[in-house]
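Please treat every number below as a calculation from the coordinates, not as lab data. What you see is a predicted model; the values in this text were computed from it and never measured.
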Amino acid sequence: MSNSSKPSGGSPIVGIVIGAVLMVGGMFVDKNFHPEFLEKLAQQGIPIEPGKVLAAIGVLLVLFPLVNLFFVKPLQEAIENRTNELDNTFSEVENLRNEMTQLKSDYEKRIAATEAEAREKIQAQVKEAQTLRQTLMAEASSKADELVKQAQVEIERERNKVLTDLRVHVVNLTLGATEKVIGANMDTATNRKLIEEFIEKAEVTA
């Protein structure tokens, strides 16, 4: 790279020097050099002015390096810089697109993991609720059975109490009615026992 830049850096100066020499030489020739054959050619309608030709070539040799130095080279550098900027921009866009693709993939994986975790939690809560429901139903059934048994015992107790009270009441009514019919005191232990046995036999028969 360094070897190729040295000639390109020296050639414009050489071209400018040569062009300047040709310009000066051409102006000198145009003013001081007028051979006869050139005048004859001019008279025949073929004007040839070697001084002006040399000066024009010198101007071109001077202008080309200057145009290249101040216009073409900066334009090439600007185009190259712009191309590099575009390449960098494209690289950044590609990197950004890859990064966005990776972020999207990570986000989708995270959402899938979150959904799976939420599904597991919901299933665990449903299972826990079902277990609690079964436990509560078992406890309620057990308590209901216990309450039914207690109620049956209480009903049986009340029934026996009512029957006892009813027997006593029937015995008293029977003794009272018998005393009124006979006109004697019938309220004795023997009579009461007889009446109670009669009532018990009647209940068994029924």
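Remarks
- Residue by residue, region 85-90 carries 3J(HN,Hα) couplings of 4, 5, 4, 5, 5, 4 Hz when phi is fed to the Karplus relation 6.51 cos²θ - 1.76 cosθ + 1.60 (θ = phi - 60°); x denotes Gly or Pro.
- In sequence order, region 101-109 has phi-based couplings of 4, 5, 4, 4, 5, 4, 5, 5, 5 Hz under the Karplus curve 6.51 cos²θ - 1.76 cosθ + 1.60, θ = phi - 60°, and Gly or Pro positions carry x.
- A simple rule links phi to the HN-Hα coupling: the Karplus curve 6.51 cos²θ - 1.76 cosθ + 1.60 with θ = phi - 60°, which for region 65-71 gives x, 5, 4, 5, 6, 9, 10 Hz, with x for Gly and Pro.
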